[in-house]
Each structure stands twice: as structure tokens, then as C-alpha cells.
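Q: Submitted below is the structure of interest, expressed as C-alpha cells.
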2 protein chains.
Amino acid sequence: MQSLNDFSSSIQYNEQGLVPIIVQDNSTLEVLMLAYANKTSLELTKQTGYAHYFSRTRKKIWKKGEESGHVQRIIDIRIDCDEDTLLYLVEQSGVSCHTGHKTCFYRDIMGIEKEPVLIEPDTIYR
Amino acid sequence: MQSLNDFSSSIQYNEQGLVPIIVQDNSTLEVLMLAYANKTSLELTKQTGYAHYFSRTRKKIWKKGEESGHVQRIIDIRIDCDEDTLLYLVEQSGVSCHTGHKTCFYRDIMGIEKEPVLIEPDTIYR
């Protein structure tokens with residue numbers, strides 16, 4: 001069995017130094033979102049117990065829910081067989097999507113909404 | 001409501017022409033794997049009803065299970081809010097991981113195996 005440090009250092013980051021993170025609700029098992037982490041945001045996630053990511057558009061680390069309060073408490077972190085993707089099992093406060101849906105995957109590929117809006121988006125970011 | 005074609009054309013492919021696909025078991029809701037698709041493999045997936053991906057290492061389209069028989073029948077395809085990630089809900093034949101585990105995410109980040117080997121890996125690829 002390898003230690004935590006061994007495994008974190010074996011993560012295969014992509015050319016941008018990022019690893020994709022699948023985020024799943026630990027109780028309902030809904031897939032909530034896909035985000036990206038660099039080494040520092042992964043360290044912050046492990047140290048604080050709350051999900052931190054790297055924004056590819058804003059080019060900075062962000063804590064999920066830092067503005068909305070809709071934080072993600074880490075229950076478990078899984079790593080895949082080829083060590084280039086992580087899975088965060090989280091307890092989601094509020095909703096994960098800026099549209100007010102619980103999950104970012106609220107539409108099917110035909111554009112039909114399969115999940116309800118739980119929180120009015122206007123009230124998420126004050 | 002947009003048509004299927006509208007939505008497929010709104011997908012934001014990355015610089016390599018790929019979109020990440022989260023694959024989830026439709027009955028157990030386990031997250032099975034992360035893979036990548038280009039336009040052609042997505043079309044093949046929709047046309048055949050079975051998951052096709054683009055291998056970044058082999059630089060070619062592959063049908064999941066083409067050698068092992070462990071195919072993924074598509075139940076639903078979801079698209080996320082910013083249209084740069086897809087979620088396939090599938091019926092998985094056999095196992096999704098080449099290690100013989102049902103899911104590729106069978107270890108936590110400390111290296112501890114959380115899921116059993118269901119099929120001996122040597123017997124998967126004959």
C-alpha cells in the first residue's frame with residue numbers, strides 16, 4: 001500500500017498541469033460537475049477538506065462556493081486506474097450549478113431539462 | 001427546446017477536438033470511468049447506441065468492449081451547463097476497468113482498494 005504522498009505524486013497532470021475532477025454527491029450519487037485541479041488546489045482540498053479547483057478561464061484557484069456558500073465538503077477522493085483523473089465524493093451544500101440546478105448535467109443531449117431548478121439563480125450570487 | 005443536432009453542434013470541443021465523457025452506471029450510479037470523444041466517436045455512439053471513444057494514446061476511435069465484450073449500452077446522454085463535458089448513463093456489460101474492477105475509480109488517494117476485482121484481468125483480453 002502506498003502512502004498518501006506517494007499517490008498524490010503519481011498523478012498524471014496534463015500539459016497545462018491540470019487533472020480533471022469528477023464530482024459526485026456522496027449520498028444521492030448524482031454526478032454534479034467536472035472541474036480541474038492543479039497541484040496547489042489539490043493540496044488545498046486535502047488540507048481544508050473542502051473542494052478547491054483551478055479555473056481555466058480565470059486562470060486562478062477558487063474554492064467551490066466561496067461566493068455562493070455552496071461549498072463541497074470532501075468525503076472521499078478516488079483515483080482512476082491510469083492516475084489521470086480524480087473522483088471527489090462530496091457533501092454538497094445548496095446546489096453545484098450556477099443555474100440553480102443541483103447538478104450541472106441537468107439537460108439531455110436533445111436539450112430537454114431532466115432536473116428541476118432548486119434555487120433561483122439570481123439569489124445565488126449576491 | 002433545441003433539436004438533437006443543435007445541441008451536438010453546440011458542444012465545446014477542446015484544442016484537440018475532444019470532449020471529456022464521464023461514464024456512470026445507470027442502475028448502480030457508480031462512476032465507471034472518464035474517457036474522451038471526438039465528433040465522429042460521438043456520432044457513432046448516437047448511431048449505434050453503444051459507447052465509442054477516441055483514444056488519446058492510440059490516436060484512434062475505439063468501441064468500448066470491442067475486444068473484451070464489456071460494452072456500454074447507452075441509456076441517456078447528458079450535457080453540462082457550459083457544454084464542454086458529457087455524461088453517459090450506461091448499462092455496463094462485465095466490468096469497465098481493464099484491472100477487472102467494475103469501476104476505474106477502485107482506489108482512494110491513499111492507494112487503498114475500495115472495490116473488489118470482479119473478473120480476473122488475464123481473462124478479459126484473450
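Since every read-out is calculated from the coordinates, none of them should be taken as a lab result. Computed from a prediction, not measured in an experiment: that's the story for all the values here. Neighbour counts are summed over all protein chains in view; Cβ atoms, including those assigned to glycine, are modelled from backbone coordinates with ideal geometry.
Q: Here are some pairs, A:Lys64/A:Lys102; B:Lys39/B:Lys64; A:Lys59/B:Lys60; B:Lys39/B:Lys63; which of them have Cα atoms lying more than 24 Å apart in this structure?
A: A:Lys59/B:Lys60
Q: Also: Sort B:His52, B:His98 so the one with the fewest other Cβ atoms within 10 Å of its own Cβ comes first.
A: Details: B:His52 24, B:His98 14.
Result, fewest neighbours first: B:His98, B:His52.
Q: Counting every Cα pair in chain A, what percent are over 20 Å apart? Please list the in-between numbers first.
A: Working: 3541 of 7875 pairs.
More than 20 Å apart: 45 percent of the Cα pairs in chain A.
Q: Let me ask something additional. For a Förster distance of 51 Å, can you work out the FRET efficiency between the beta-carbons of B:Glu91 and B:Ile112, rounded to the nearest 0.05?
A: Plugging the Cβ-Cβ distance into 1/(1 + (r/R0)^6) gives 0.95.
Q: To continue, here is another question. Taking a ≥ b ≥ c as the square roots of the Cα gyration tensor eigenvalues, with a/c under 1.5 meaning rounded and otherwise prolate when a/b beats b/c, else oblate, which class fits the protein assembly as shown?
A: Here the protein assembly as shown falls in the oblate category.
Q: Per residue of the stretch A:33-39, what does 6.51 cos²θ - 1.76 cosθ + 1.60 with θ = phi - 60° give for ³J(HN,Hα)? Whole Hz please, x for Gly and Pro, Karplus curve as stated.
A: Values, residue by residue: 5, 10, 9, 10, 10, 9, 4 Hz.
Q: Please find the FRET efficiency linking A:Asp76 to A:Asn14, where r is the Cβ-Cβ separation and R0 is fixed at 25 Å, and quote it to the nearest 0.05.
A: In this case the efficiency is close to 0.60.
Q: While we're on this one: Taking every residue in B:24-31, how many Cβ atoms of other protein chains lie within 10 Å of its Cβ, on average?
A: The mean count of partner-chain Cβ atoms within 10 Å per residue comes to 3.
Q: List the residue from chain B whose beta-carbon is nearest to the axis that rotates chain B onto chain A, together with that distance in whole Å.
A: B:Leu29, 2
Q: Moving on. For A:Lys39, place a label point 7 Å from Cα along the Cα-to-Cβ direction in every copy; what are the distances to the other copies, in nm, shortest first?
A: 3.8
Q: Quick one: net charge around A:Glu91, please, counting Lys, Arg +1 and Asp, Glu -1 for every other residue with C-beta under 14 Å from its C-beta.
A: 0
Q: Where the label is 7 Å out from Cα toward Cβ, how close does A:Ile112 come to the same position in every other copy, in nm, shortest first?
A: 4.2
Q: Okay, moving on. For chain B, what does -39500 (n - 2.57) per DSSP helix run (n ≥ 4), summed and divided by total residues, give at 222 nm, in deg cm²/dmol to the nearest 500?
A: -3500 deg cm²/dmol
Q: Moving on. Residues with amide H under 5 Å of A:Val71's amide H, sequence separation 5 or more or different chain, H placed in the peptide plane at 1.01 Å from N; which?
A: Those qualifying (amide H under 5 Å, at least 5 residues apart or on another chain) are A:Ser93.
Q: Provide a whole-number value for the mean count of partner chain Cβ atoms within 10 Å of the Cβ atoms in peptide A:97-108.
A: 4
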